[in-house]
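For reference, the structure discussed in these notes is given below.
Bear in mind these aren't lab numbers, they're just calculated from the coordinates by the rules spelled out. Computed from a predicted model, the values in this text were never measured in an experiment.
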Amino acid sequence: MNSYNWYSQLIKPIWSPPAWIFGPVWTFLYILIAVSFGKVLLMFLKKQIPFLVILPFILNLVFNFSFTPIQFGLKNNLLAVVDILLVFGTLAWAMIAIHPHAKWITYIQIPYLIWVSFATVLQLTITYLNR
C-alpha cells in the first residue's frame, strides 16, 4: 500500500496508461516469455545452441524481475531507469542471438519489445518529471 501511494503521487505524463492495464499486459507477456525461455532452455540442454545464445535470455529475466523491487521496493526511479535499459538491451540481444536458430522465438518477442520500449520511455519521463 505504501508503494502504491508513493507511485500514485509521482508526476506522470498525460499519456501514462491506467494502473489496471499493467496486469493483463504483463500476464500476456509473461506467457510469451515463458514459452520462449522454455524453448531456448530446452535447445541449450540439447546442445543445439551455445551458452552465449541463452545468456541474454537469463540476464533479461534477472533484470525484468528486478524492476518491481527497485521501482516499488526501493522507490528509486534512477535505478529503475538503469534496470529498464538493461531489460531493453538484453531483450534486443536475445532476439538477435536466437534469430539464426529459431526465428519464431524472435517474432514472438516483438510484443514484449514494443511494451519494453514504451515502458522505457515512460520510466525515463517519470524519472525526469520527478527529479
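Lysine pair count for the stretch 1-124 (Cα-Cα distance under 23 Å; residues 8 or more apart in sequence or on different chains): 5. Using C-alpha pairs under 8 Å with a sequence gap of at least 6, the mean separation divided by the residue count of the stretch 1-87 gives a relative contact order of 28 percent. Radius of gyration over Kirkwood radius for the chain, both on Cα atoms: the Rg/Rh ratio is 1.02. Seen against the Cα atoms of the chain and their longest principal axis, helix 22-45 is set at about 30 degrees.
Calculated mean residue ellipticity, 222 nm, the chain: -24500 deg cm²/dmol, from DSSP H runs (n ≥ 4) at -39500 (n - 2.57) each, averaged per residue and rounded to 500. Relative to the longest principal axis of the Cα atoms of the chain, the long axis of helix 110-129 lies at roughly 30 degrees. Compared with the dominant principal axis of the Cα atoms in the chain, helix 77-98 is inclined by about 20°.
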